Amino acid sequence: MKKHLIVLLLVFSQLSYSQQIIQPFDYSIQKNFKGKNGAVVSAHPLASQAGLSILKKGGNAVDAAIATQLALAVVYPGAGNIGGGGFMVAHLSNGKNVTIDFREMAPGKASRDMYLNAKGESQLTLSQNGHLASGVPGTIAGIFSSLKYARLPFKILIQPAIDLAEKGFVITVPEARGLNHYKNDFLKYSSKTSAFVKNTQWQKGDTLIQTELANTLKRIRDNGAKGFYEGATAKMIVEEMQKGNGIISYNDLKNYKAKERKPVVFKYKDYTIVTMPLPSSGGVLLPMMMKMIANQPMQDYGFHSVKAVHLMTEVDRLAYADRAKFLGDVDFYKVPVKTLTSDAYIAERMKLYDPEKAGVSTKIGPGEIPHESDETTHLSVYDKDGNAVAITTTLNGGYGSRTVVAGAGFLLNNEMDDFSAKPGVPNMYGAVGGEANAIAPHKRMLSSMTPTIVLKNDKPYLVVGTPGGTTITTSVFQSLVNVLEFNLSLDDAVNKPKFHHQWLPDELVVEENFPEDVLEQLSAMGYTIKKVGGIGRTEAIKIDKGMIEAVGDHRGDDSAAGY
Ligand code: GLY
């Protein structure tokens, strides 16, 4: 009896503790955190708080990352997900680096030309909208695959997400805008109306309650991964597919496996960089790009100098030309990773760099050797024991395929568009690809997601990642160079205007507030400049001399939490 009372008191104190921390109707965005014990930064304050509550309960960074990721699936439906996929990169306090690939897979009935019409023209609306656009989701398999590195029982980690879905939470201005913008798509591409659709316009301050999603999360809590990939949830997914033109089957779901892959680890001066291997293109491009600048006088050039922006843009161009030709799922296509990242190849490629003028993509092409809207999302976590976790996860476009699984309350991805539907035809991010990234059953589509951890003296120094489609890798590249070379504060490294070049289209994309005088000089060197509203939403943590600093990107509702 006494024992039961103690257990009850413990449970009660834990519940009231978590309720004190996660206030779904009263929360605020915190862009910066500095402290000594641990930090979480993600695209939504309630998700960051969910992670923080787990750290405070004695969970490690993996526990907190799982809770944050599941909470994002509720409070950030535009990109947070259980119907999508992603990558996890971790550096554990015992020195082990871990990478988990839970990228979506093409369904078994997918075929190379499935998005081409009788004339051989690509029908990108099919790879981008509705049932046929979805790959087999990987997020839940990824979470269960990472659980062996966690400390607390899964039911504690998923509870904040269940509470947020069941009780609801107050939505922000960007969320209201997103839900209103996609209302017609939700109705068009789903067989049944959903919690995301309201008769009137969503307003800041409205409460979003997701009862069906809460029930799906409870099935996952009670049955593990089978609560998603088998049983009632799988039945709802397959039935939703059959009501549209979708092809995901019971077998596709049952056979989906997350994969623990060999991390990409490379040296950059005194730092060790740990990042995600293929099917993350970042695992090839980031080492290439960092090596291409390693011997250049970056510090003399300085942040946002014409010389630095020009050099980094040409590096982007060279690397992305190779992305288009050579990169794809290594389980299906032999990618020459070693050659692409070798010093000899890098030196050869850099011969094409002219310090005086812009390159021309049609003249450059890939090297000689025998492809996103921003609705991906990233979270970074660091705990007091020295574990660091970086997770980037995605539905691909905003609210994915806009297909909500009837009865299950979650959105499916439109990740099939990350394959190359036809060689040379740009996807939603303007990225082109070829044979390496052609569609095949059970193949994983190439991704740009680049969750990355930088080690200094073998201990975590930076934990970084961002959404942004093809701009992801160039954003991570800039965030690293901003800190490691230009000595920018973490806040500036995240928030100062970013730029991007992806070989084709041959344009230098810059954020609207990029310094005009630099742009004028770059134009004079031959660049075609394109201004865009925002590039990525970087979530970064820096650990320096025992102090943990977390920065949530100012471009959205991103928020840091810590203690
Ligand atoms: N769908 C975004 C990416 O994986 O790159």
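Which of the following residues is within 16 Å of the ligand (Cβ to nearest atom), within 25 Å of the chain's Cα centre (by Cα) and not aliphatic (A, V, I, L, M): Thr341, Thr392?
The conditions single out Thr392.
Return the residue satisfying two criteria in turn: it lies in segment 322-358 and is touching a Lys or Arg at 6+ places or on another chain (Cβ under 8 Å) and of a type in the set (A, V, I, L, M, F, W, C), and of such residues it is nearest to Trp503 (Cα to Cα).
That would be Ile346.
Take the residues in segment 406-426 that are of a type in the set (A, V, I, L, M) and within 16 Å of the ligand (Cβ to nearest atom); name whichever of them is surrounded by the most Cβ atoms within 10 Å (Cβ to Cβ).
Within segment 406-426, the first condition is being of a type in the set (A, V, I, L, M), and the residues that meet it are 406, 408, 411-412, 416, 421, 425.
So of that shortlist, the ones also within 16 Å of the ligand (Cβ to nearest atom) come out as 411-412, 416, 421.
On the way: Leu411: 32, Leu412: 34, Met416: 26, Ala421: 26.
By that ranking, first place goes to Leu412.
Just to be sure before I move on: is Thr403 touching a strand residue (DSSP E or B) at 6+ places or on another chain (Cβ under 6 Å), crowded, with 23+ Cβ neighbours inside 10 Å, under 24 Å from Glu175 (Cα atoms) and modelled with pLDDT of 95 or more in the structure I sent?
No; evaluated as a whole, the condition is false for this residue.
Sort out which residues of segment 483-508 are closer than 13 Å to Gly536 by Cβ and either away from the ligand (no atom under 16 Å from the Cβ) or under 16 Å from the mean Cα position of the chain (by Cα) (or both), and write them in order of number. First the steps, then the outcome.
Within segment 483-508, the subset closer than 13 Å to Gly536 by Cβ is 493-500.
Once the filter is applied, which keeps residues that are closer than 13 Å to Gly536 by Cβ and either away from the ligand (no atom under 16 Å from the Cβ) or under 16 Å from the mean Cα position of the chain (by Cα) (or both), segment 483-508 yields Ala493, Val494, Asn495, Lys496, Pro497, Lys498, Phe499.
Identify the residue in segment 181-237 that is hydroxyl-bearing (Ser, Thr, Tyr) and not in a helix (DSSP H, G or I) and, among all such residues, is surrounded by the fewest Cβ atoms within 10 Å (Cβ to Cβ).
Per the criteria, the residue is Thr200.
Could you tell me which of the residues Met312, Met276, Met350 is more than 16 Å from the ligand (Cβ to nearest atom), surrounded by 23 or more Cβ atoms within 10 Å (Cβ to Cβ) and within 26 Å of Asn482 (Cβ to Cβ)?
Going through Met312, Met276, Met350 in turn, just one is more than 16 Å from the ligand (Cβ to nearest atom), surrounded by 23 or more Cβ atoms within 10 Å (Cβ to Cβ) and within 26 Å of Asn482 (Cβ to Cβ): Met312.
Among residues belonging to segment 519-559 that are under 25 Å from Ile171 (Cβ atoms) and among the charged types (D, E, K, R), point out the one that is surrounded by the most Cβ atoms within 10 Å (Cβ to Cβ).
Ranking the qualifying residues of segment 519-559, first place goes to Glu539.
Looking at segment 439-478, which of the residues that are small (Gly, Ala, Ser) and either crowded, with 24+ Cβ neighbours inside 10 Å or within 16 Å of the ligand (Cβ to nearest atom) (or both) is farthest from Gln299 (Cα to Cα)?
Within segment 439-478, the match that is farthest from Gln299 (Cα to Cα) is Ser447.
Select from segment 83-117 the residues that are within 16 Å of the ligand (Cβ to nearest atom) and of a type in the set (D, E, K, R) and list them in ascending order.
Listed by number, the residues that qualify are Asp101, Arg103, Glu104.
Output the number of residues of segment 31-57 satisfying the condition of being under 21 Å from Glu175 (Cβ atoms), in a strand (DSSP E or B) and among the hydrophobic types (A, V, I, L, M, F, W, C). Give the steps one after another, and end with the answer.
Start the filter on segment 31-57 by keeping residues that are under 21 Å from Glu175 (Cβ atoms), which leaves 31, 40-52.
Now drop any that are not in a strand (DSSP E or B), which leaves 40-42.
Among the residues that remain, those that are also among the hydrophobic types (A, V, I, L, M, F, W, C) are: 40-41.
Of the residues in that region, 2 qualify.
The values are calculated or read from the model by the stated rules, or taken from the named source; none is laboratory data. All figures in this text were calculated on a predicted structure; none of them were measured in a lab. Cβ coordinates were reconstructed from backbone atoms using ideal geometry, including for glycine residues, and neighbour counts include every protein chain displayed.
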